[in-house]
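Take a look at the structure set out below.
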Amino acid sequence: MNNIITELQWRGLVHDIMPGTEEQLLKEMTTTYIGFDPTSDALHIGNLVPIILLVHLEKFGHKPIALVGGATGMIGDPSGKSDERNLLDEATLNHNVAGIKQVLSRFLDFNSTEKNAPVLVNNYDWMKAFSFIDFAREVGKRITVNYMMAKESVKKRISSEGDGMSFTEFTYQLIQGYDFYHLHKNYNCLLQMGGSDQWGNITTGTELVRRMNVNSDAKAFAMTSPLVTKSDGSKFGKSEGGNVWLTADKTSVYKFYQFWLNTTDVDAEKYVKIFTFLDQNTIAHLIEEHQTAPHLRVLQKRLAEEVTIFVHSKEDLDKAIEASNAFFSPSMDGLRKLDAITFLEVFDGVPQAEIPLSEIETGINIVNILNEKTGFFKSNGEARRALTANSISVNKEKVNEEFVLTAKDLINNQFVVLQSGKKNYFVVRVK
């Protein structure tokens, strides 16, 4: 079999790996699982790495299992957290689990008939019948408190100045560990992958597999990938509006595309390896081309294209590029084709003001629009000077002091784009 570890290493996707893991993956088709925490009804780009790892596994002939934590979600993973998380009710968790399953199904074909077809599971299905007594006897007996306390995620929480860690969150690693045992027993799952903050939980799972199979030579392996960071130290996956989601209802395709397009040169060189499936030679040539002419941003453009197609579709990508190009076009033709939501996203961050439709219908002189009605200019005199200098455009067409704005000037019956010079924009919303 081809060496998936070599592939993941050059892409920067290997952080910790248990001895014997690479040999196991080279020997035979290996069933591997990664867990997804149902804290929301969708996934964001912070979840893209585990999704991509599962896709790589399938491409290399291994069998991926995506586990949605319907049971562990009721407790909350303390890894990397400084405070106790709020517990979600069962109805919310069920809704979140269903949403996450829907997202994962876009990347992995769980109906495939191939030998290494992906599998989707929910740990609530095997945890719901477990009584506390049974769990304490069958699972809790196998792992010592000393072993659990030695985990970095536990030590950090206990030694912090906060409220410490509840017994509920303390048990999380045991429940996740039991997931590995259950999948090992029922699916012959030999490997768990996850982010580097999961190493403690994952190794507890490998230990539990061995200790609950005392009469057999049970094998269990672990591998983690680095947590993706930005070169400036800020958190990856966040934009000014919060998380960048993998569903268009939470983050539009246009904003999703723009997130990757606006990546810095340093981050783009790293992200193109992590978040695309382009081969090593293609990426090397892209980086070389980008370094020759950084202002053309060929690396960011290819990164944005590849990830947008992977998460959404080629058709969605084309629409996002069309919307992006419309902003810089010398005419309004492209902007007139956009729906209201995309139009406002294209002008996100541009100052805006509202004017009643009734005022537009009777007509408003451009000087009043620029000053009194919008505040785009501080005074009528300043507005007139700009008009005299021929630096004012309405919907990308130059206007003079005699211009009167009417309903026929509205874009999609509700917008007007004012422009002073080349870079100063203002959007008038008419209602």
More than 21 angstrom apart: percent of Cα pairs within the stretch 146-217:
29
Over 28 Å between Cα atoms: which of Lys250/Lys270; Lys235/Lys373; Lys373/Lys408; Lys398/Lys431; Lys270/Lys396; Lys101/Lys128 fall into that group?
Lys235/Lys373; Lys270/Lys396
Could you tell me the accessible area of Lys396 in Å² (1.4 Å probe, neighbours in place), rounded to the nearest ten?
30
Kindly work out what percent of the DSSP beta bridges joining two residues of the chain are antiparallel, to the nearest 5.
50
What whole-number distance in Å separates the alpha-carbon centres of the stretch 268-339 and the stretch 395-431?
30
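Where does each of 109-119, 190-200, 332-342 land if you order them by average Cβ count within 10 Å, highest first?
190-200, 332-342, 109-119
Taking Cα pairs under 8 Å and at least six residues apart, what relative contact order does the chain come out at, in percent?
The value is 14 percent.
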On the protein heavy atoms, probe 1.4 angstrom, tell me the percent of accessible surface of the chain carried by carbon and sulfur.
48
In degrees, nearest 10, range 0 to 90: what is the angle between the Cα axis of helix 90-104 and the longest Cα principal axis of the chain?
80
Let me know the Rg and Dmax you get for the stretch 119-178 when you use only its Cα atoms, in Å.
13.4, 41
Listed residues Leu303, Phe347, Ser112: farthest to the positive end of the dipole of the chain (Cβ charges):
Leu303
Phi-derived 3J(HN,Hα) across the stretch 383-399 with the Karplus relation (6.51, -1.76, 1.60, θ = phi - 60°), rounded Hz, x for Gly and Pro, is 5, 5, 4, 5, 5, 4, 7, 6, 10, 9, 10, 10, 6, 6, 10, 4, 10
For the stretch 216-270, what ratio Rg/Rh do Cα atoms give with a Kirkwood hydrodynamic radius?
1.20
Considering only Thr247, Leu208, Gly233, whose Cα is most displaced toward the positive end of the charge dipole of the stretch 208-255, charges sitting on Cβ of Lys, Arg (+1) and Asp, Glu (-1)?
Leu208
Which residues qualify? For Lys230, with a placed amide H closer than 5 Å and at least 5 residues away or on another chain, they are Phe236
When Rg is the radius of gyration of the Cα atoms in the stretch 1-41 and Rh is its Kirkwood radius, what does Rg/Rh come to?
1.07
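Under a 1.4 Å probe, what is the accessible area of the chain per residue, stated in Å²?
Numbers: 20980 Å² over 431 residues.
Per residue, the chain has 49 Å² of solvent-accessible surface.
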Let a ≥ b ≥ c be the square roots of the eigenvalues of the Cα gyration tensor of the stretch 176-256; is it rounded (a/c under 1.5), or, if not, prolate (a/b larger than b/c) or oblate?
prolate
Could you give the dipole magnitude of the stretch 256-402 about its Cα centre, charging the beta-carbon of Lys and Arg +1 and that of Asp and Glu -1, in debye to the nearest 20?
320
Relative intensity, log₁₀ I(q)/I(0), of the stretch 1-73 from a Debye sum that treats every alpha carbon as a point, q = 0.21, 0.23, 0.28 Å⁻¹
-0.98, -1.11, -1.38
For the chain, find the longest principal axis of its Cα atoms and tell me its angle to the long axis of helix 172-187, 0 to 90°, nearest 10.
70
Would you work out the Kirkwood radius for the stretch 1-137? I mean one over the mean of 1/r across all pairs of different Cα atoms, in Å.
16.5
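Sorted from largest to smallest, which semi-axis lengths in Å does the alpha carbon gyration tensor of the stretch 235-310 give for its equivalent ellipsoid, taking the root of 5 times each eigenvalue?
23, 13, 10
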On a 0 to 90° scale, report how tilted helix 265-274 is relative to the longest principal axis of the chain, with both axes built from alpha carbons and the result rounded to the nearest 10.
40
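With the convex hull built on the Cα atoms of the stretch 176-313, state its orientation-averaged projected area in nm².
11.0
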What per residue convex hull volume, in Å³, comes out for the stretch 386-431 when only alpha-carbon positions are used?
70
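The values are calculated or read from the model by the stated rules, or taken from the named source; none is laboratory data. Quick caveat: nothing in here was measured; it's all calculated off a predicted structure. Glycine gets a Cβ as well: all are built from the backbone with ideal geometry, and neighbour counts include every protein chain shown. For accessibility, only protein heavy atoms count, side chains too; no ligands or nucleic acids. Shrake-Rupley method; radii C 1.70, N 1.55, O 1.52, S 1.80 Å.
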